[in-house]
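What follows is a short report on a single structure.
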Amino acid sequence: MTTVEKTPKKKMNARKLRGVKYMLMAMPFVIFIIAFKYVPLFGWWYAFTDFKMGIPLFEQEFVGLANFEKVFGGREIGRVLRNTFVMSGLGILTSPFPIIFAIMLNEIKGKGTRKIIQTVTTLPNFISWIVVFGIAFTFFSSRGLVNQVLKALNLPYSSMGLMGDIDATWIFQCLLGHWKGMGWGAIIYLAAITGIDTELYDAAQVDGANRLQRIWHITVPGVLPTYSVLLLLDISSFLSNGFEKYYVFWNSLVSDKIEVLDYYIYKLGFGSGQYDYSIAAGISKTVVSLVLLTIANMASKKIRGVSLI
Amino acid sequence: MFALKRNNNKIKERTASDILVTIVTYTFCIVFAIMCVYPFYYVIIYSISDPKLTAAGIYLWPKGFNVTVYRQLFTQYDIGNSFIVSVARTAAGTALSVLCTAFLAFLMTRREMLYRKFIYRLIIVTMYVSGGLIPGYLTIKAYNLLDTFWVYIIPGAISAYNMILIKTFIEQLPESLEESAMLEGAGIKDLFFQIVMPLSKPIIATVAVYDAVGHWNSWTDNFFYVGKTSLQTLQLVLYNYLNNASHVAKMLQRYGDISGLRESMGETVVTADSIKMAAIVVTVFPILFVYPFAQKYFTKGIMMGAVKG
């Protein structure tokens, strides 16, 4: 600040001029962001109208909150919310999986072995859900590899295959998520483990702690701060299961348990052309998500003194 | 000397529980690693096996050898064209997005900029609030971007998350470098292209790989915004192959008589399954090729993101 005060007026003006210049240079980007991120928000207005195709936005008939009432009074919403809560709940319940994997990886002493395992297990993170679907189909469809093997060994098998088995849907989707994301998710915990002071381990060893005790009393507390942040982020995205995974794995046999909120918003909008309902559902989701994010952020500030956003 | 002694102690002090930890750790890690690799391996060996022999089941090694299916995929099916579309969108989309996002991030580090805080917030908010599916679609439609190649690369030209990553990185660069360049009369563009960009190589590489994988795997934009077959991306074509038995059957039928002729001439026919497998391989291959090299950058990127969080 003091340097600014001491500089001659001419220099101050030059600085101001640069400030204006930089702002003008940022303008195209600002316009771009407004055009692609803020203009769509006008579309929210449709949620308060009785949408008719072909009529301009502000000439649609205004119906107040009727669409919201219909969405939340409809017979499908209960099922959709149940599926959303179950999938997110299972996700949070199993969120320590990457930690367990990271701890195990860390216990592997051979550097080469560890590197190979780490490289290989992050591969599924890099492929699209469509490819995951293709692979799952190859293995778990009615005549997929798993059923072929079970049949050959005379073991019981589900004739529909896992992907058509409605009782297995939730667990199957949850485990698919971990297959894709566990290796990748472990990276951040491995980094946290690397940051733990090695003297702690040495001291514990001198005190006679065995490996399991060292893991439990040193490694686990060492990764907890990282975990708490990621858990709070998980909670703030509780309603966002994503669309892609559930769309590609959707089939009529399992539709009852696989239609989550993001899928439902798609189904209302593109599936049946009820733009007004779809947008009403989307707005509700955004509002609740923002509230959750605010709560998670406050919790993070209180617990760790770190802001999430 | 000391290290050696400690190692000896470790071996001596091994208890039964320590050995159990080792066994469980290695077993789990190796099993999970196999679960991550084998599906890809299986798809590859299936696709290069002789289709006449695959019905009996393939487990560890390919049966026979036949790559007719790949030749046919690229010459007779819609894979060839969609491969080009996917490569084009990945190259153009990544270049555009990296350039725009990096330049905007650089501008945001200029403290003199007028309304800098306001512009920054305007960008950050887009990470948490978006119009949603239908409003987004209606906006794209209003801009006449439906059914164009541009819809793949323009809407994603600026990523708020990547902008934060790059901005954080640039802020860590020594300020003296920029100051001396400015004193020597370098304009903002020289500063960006000749000093900031070269110094920011690690983060630029990270973001570029993120973007490239994202573009390659993206299919919802194709699914929602583009109906033209000539503009279909590889991912969606793969999805059609996987999900639409009739799609593949039609393809087979169209070229069936040619294949029949070929068979009588001693060439093997392709089957619906071998087409699916080969299509998966074609879709995954570029990623298999890129990701081991990219991994170190990815790890860096995820860590920087975590530092922010």
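One residue alone among A:L123, A:L105 is closer than 27 Å to B:V282 by Cβ and open to solvent by less than 30 Å² (accessible area, probe 1.4 Å), and that residue is A:L123. Residues in region B:192-225 that are hydrophobic (A, V, I, L, M, F, W, C) and without any contact (Cβ under 8 Å) to a residue 24 or more places away in the chain: B:F193, B:I195, B:W219, B:F223. Here B:L138 fits the description: farther than 18 Å from B:A212 by Cα and part of a helix (DSSP H, G or I).
Results for (1) closer than 20 Å to A:L105 by Cα; (2) modelled with pLDDT under 90; (3) open to solvent by less than 10 Å² (accessible area, probe 1.4 Å); (4) part of a helix (DSSP H, G or I), shown as yes or no for each residue.
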site	(1), (2), (3), (4)
B:R14	yes, yes, no, no
B:V24	yes, no, no, yes
B:T27	yes, no, no, yes
B:V31	yes, no, no, yes
B:I34	yes, no, no, yes
B:V43	no, no, yes, yes
B:Y46	no, no, no, yes
B:L53	no, yes, no, yes
B:G57	no, yes, yes, no
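The set of residues in region A:220-261 being in a loop (DSSP other than H, G, I, E, B), away from every other protein chain (no Cβ under 12 Å) and open to solvent by 30 Å² or more (accessible area, probe 1.4 Å) consists of A:F238, A:N241, A:S252, A:L253.
The helices (runs of 4 or more DSSP H) falling completely within region A:5-107 that include 2 or more residues that are modelled with pLDDT under 95 and under 20 Å from A:I265 (Cα atoms) map to A:66-73, A:77-93.
The residues on offer are B:F83, B:F103, B:F74, and the sole one that is part of a helix (DSSP H, G or I) and modelled with pLDDT under 85 is B:F74.
With respect to the stated conditions, B:L165 fails to be at negative phi and either at pLDDT 95 or above or within 12 Å of chain A (Cβ to nearest Cβ) (or both). More than 7 Å from chain A (Cβ to nearest Cβ), of a type in the set (A, V, I, L, M, F, W, C) and not in a helix (DSSP H, G or I), is that true of B:L114? For B:L114, the condition - more than 7 Å from chain A (Cβ to nearest Cβ), of a type in the set (A, V, I, L, M, F, W, C) and not in a helix (DSSP H, G or I) - is not met. Please work out which residue is nearest to the other protein chains (Cβ to nearest Cβ), limiting yourself to region A:282-307 and to residues that are over 17 Å from A:L230 (Cβ atoms) and touching a Gly at 6+ places or on another chain (Cβ under 9 Å). Within region A:282-307, the match that is nearest to the other protein chains (Cβ to nearest Cβ) is A:G282.
Quick check on region B:147-175: of everything there that is aliphatic (A, V, I, L, M) and assigned to a loop (DSSP other than H, G, I, E, B), which residue is surrounded by the fewest Cβ atoms within 10 Å (Cβ to Cβ)? Within region B:147-175, the match that is surrounded by the fewest Cβ atoms within 10 Å (Cβ to Cβ) is B:L173.
Which residue out of B:A205, B:A186, B:A212 is at negative phi and not in a helix (DSSP H, G or I)? After ruling out the rest, the residue left standing is B:A186. Please tell me if A:R214 is modelled with pLDDT under 90 and either buried (at least 17 other Cβ atoms within 10 Å of the Cβ) or under 26 Å from B:K276 (Cβ atoms) (or both). Spelling it out, it is not the case that A:R214 is modelled with pLDDT under 90 and either buried (at least 17 other Cβ atoms within 10 Å of the Cβ) or under 26 Å from B:K276 (Cβ atoms) (or both). The set of residues in region B:176-185 that are of a type in the set (A, V, I, L, M, F, W, C) and open to solvent by 30 Å² or more (accessible area, probe 1.4 Å) comprises B:L177, B:M182, B:L183. Contact map, region B:131-145: residues that are without any contact (Cβ under 8 Å) to a residue 60 or more places away in the chain paired with residues that are among the hydroxyl-bearing types (S, T, Y), Cβ distance under 6 Å, separation 6+ or inter-chain. Pairs shown: B:I134/A:Y275; B:I134/A:S278. Remark: B:F106 matches the filter, which requires a residue to be within 17 Å of A:M27 (Cβ to Cβ) and either in contact (Cβ under 8 Å) with a residue 24 or more places away in the chain or open to solvent by 60 Å² or more (accessible area, probe 1.4 Å) (or both). Checked against (1) in a helix (DSSP H, G or I); (2) more than 17 Å from the chain's Cα centre (by Cα), B:G227 meets all criteria but (1). Considering only residues of region A:269-279 that are touching a residue at least 60 places away in the same chain (Cβ under 8 Å) and part of a helix (DSSP H, G or I), which is most open to solvent (accessible area, probe 1.4 Å)? Of everything passing the filter in region A:269-279, A:Y277 is most open to solvent (accessible area, probe 1.4 Å). Across region A:23-46, the number of residues qualifying as over 18 Å from B:M127 (Cβ atoms), at the interface with another protein chain (Cβ under 7 Å from one of its Cβ atoms) and of a type outside the set (A, V, I, L, M, F, W, C) comes to 1. Being over 18 Å from the mean Cα position of the chain (by Cα), surrounded by fewer than 20 Cβ atoms within 10 Å (Cβ to Cβ) and within 19 Å of A:F270 (Cβ to Cβ) is a property that B:K189 lacks.
The values are calculated or read from the model by the stated rules, or taken from the named source; none is laboratory data. Remember, predicted model here, so these are calculated numbers, not experimental data. Note that each Cβ is placed from the backbone with ideal geometry, even for glycine, and that neighbours are counted across all protein chains shown. Ligands, DNA and RNA are excluded from the accessible area calculation, which covers all protein heavy atoms including side chains. Shrake-Rupley method; radii C 1.70, N 1.55, O 1.52, S 1.80 Å.
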